[in-house]
Amino acid sequence: MTAMAHEPLSQEEQLLESFLALDTPRGYRAELVEGEIVVTPPPDGDHEDYIGLLVDQVGAKSQTRMQFAGTRGLTVPSPSGGPDIHVIPDGTWAPLQRRLYRGTGNWMPCDGVSMVAEVTSTRPDRDRDVKRRTYARGGIPLYLLVDRQRGSVTLFSEPDNDDYQQVVTMPFGKEIEIPAPFSMTLETTDFA
């Protein structure tokens, strides 16, 4: 038997391999964002309340029937050519008719996702900046950010390269329009 020499893994390959091998405690989420492994503890009750309010309204008001996933792992190509970015949005919606999640593994590309949502927690700048650019890079048409620290809801739309071209921010208590395929008005009175 002949032993084959293997090329050593690059730093990016080692990082991706380490990330994919992580065994996080129950309820924790691990993401690989811009070359950094980020482990997030389970969300607090207020965080889950906001997500519940979003899920209820989208289910009741969306003009297109949507399928929701609260822990859907998404991959986005890295801008630096390194390993793909691996993110888990607080909420992911895709048209139910497409059955987008069926047959996928832990991680899937963003193709076909209609909207993602994040609720800010301990590191709000990651949701405001890094994740915004990541979702735009993935071509996700809509990114909804519930910003608890600022008391506002922001809808980012029209992704182009590394950012969204349209931004609408409303304070809690005001309505915000979510365009097609949702074609609905999101009420934020209960967010305050």
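Residue by residue through the range 187-192, which ³J(HN,Hα) values in whole Hz follow from phi under the Karplus form 6.51 cos²θ - 1.76 cosθ + 1.60 (θ = phi - 60°), with glycine and proline marked x?
These are the phi-based 3J(HN,Hα) values: 8, 10, 4, 6, 6, 6 Hz.
Have a look at LEU15, LEU32, LEU145 and tell me which one the Gaussian network model of the chain (Cα, springs below 10 Å) gives the largest fluctuation.
Highest fluctuation of the listed residues: LEU15.
Rank by packing, highest mean first: peptides 58-65, 134-141, with packing defined as the count of other Cβ atoms within 10 Å averaged across residues.
With the highest mean Cβ count within 10 Å placed first, the list reads 134-141, 58-65.
For the range 36-76, give the magnitude of the charge dipole about the Cα centre (Cβ charges: +1 Lys/Arg, -1 Asp/Glu; no others), in debye to the nearest 20.
Rounded to the nearest 20 debye, it is 380 debye.
For the chain, set up a Gaussian network in which alpha carbons nearer than 10 Å are linked by springs, and say which option among TYR50, TYR143, TYR28 fluctuates the most.
In this elastic network of the chain, the residue with the biggest mean-square fluctuation among TYR50, TYR143, TYR28 is TYR28.
Residue-wise, which Karplus ³J(HN,Hα) couplings in Hz belong to the range 95-108, taking 6.51 cos²θ - 1.76 cosθ + 1.60, θ = phi - 60°, and x for glycine or proline?
Result, ordered by residue: x, 4, 4, 7, 6, 4, 7, 4, x, 8, x, 5, 10, 9 Hz.
Using +1 at the Cβ of each Lys and Arg and -1 at the Cβ of each Asp and Glu in the range 112-192, identify which of ILE140, PHE191, PRO124 lies farthest towards the dipole's positive end.
Toward the positive end, the furthest listed residue is PRO124.
When a/c reaches 1.5 or more, the comparison of a/b and b/c decides; with that in mind, is the range 109-192 rounded, prolate or oblate per its Cα gyration tensor?
It is oblate, given that a/c is not under 1.5 and a/b is not larger than b/c.
What percentage of the solvent-accessible surface of the chain, computed with a 1.4 Å probe over protein heavy atoms, is contributed by carbon and sulfur atoms?
C and S fraction of accessible area: 48 percent.
What relative contact order, as a whole-number percentage, does the chain give when Cα pairs under 8 Å and 6 or more residues apart are counted?
Worked out over the chain, it gives 15 percent.
Can you show me the helix-derived [θ] at 222 nm for the chain, built from DSSP H runs with n ≥ 4 at -39,500 (n - 2.57) apiece and divided by the number of residues, rounded to the nearest 500.
-5500 deg cm²/dmol
Most fluctuating residue of VAL39, VAL87, VAL153 in a GNM of the chain with Cα springs under 10 Å: which is it?
Highest fluctuation among the options: VAL39.
Tell me, what is the per residue accessible area of the range 101-192 in Å², probe radius 1.4 Å?
46 Å²
Between the alpha-carbon centers of the range 65-112 and the range 119-171, tell me the distance in whole angstrom.
Taking the Cα centre of each part, the range 65-112 and the range 119-171 sit 16 Å apart.
Taking H placed 1.01 Å from N in the peptide plane, check which residues at least 5 places from SER114 or on another chain put their amide H under 5 Å from its amide H.
TRP93, ALA94
To the nearest 20 Debye, how big is the dipole of the chain about its Cα centre, given +1 on the beta carbon of each Lys and Arg and -1 on that of each Asp and Glu?
Approximately 560 debye in magnitude.
The values are calculated or read from the model by the stated rules, or taken from the named source; none is laboratory data. Small disclaimer: the values here were computed from a predicted structure and weren't measured. Every residue, glycine as well, gets a Cβ built from its backbone with ideal geometry; the counts of neighbours run over all protein chains shown. Heads up: the accessible areas ignore ligands, DNA and RNA and are worked out on the full protein's heavy atoms, side chains in. Shrake-Rupley method; radii C 1.70, N 1.55, O 1.52, S 1.80 Å.
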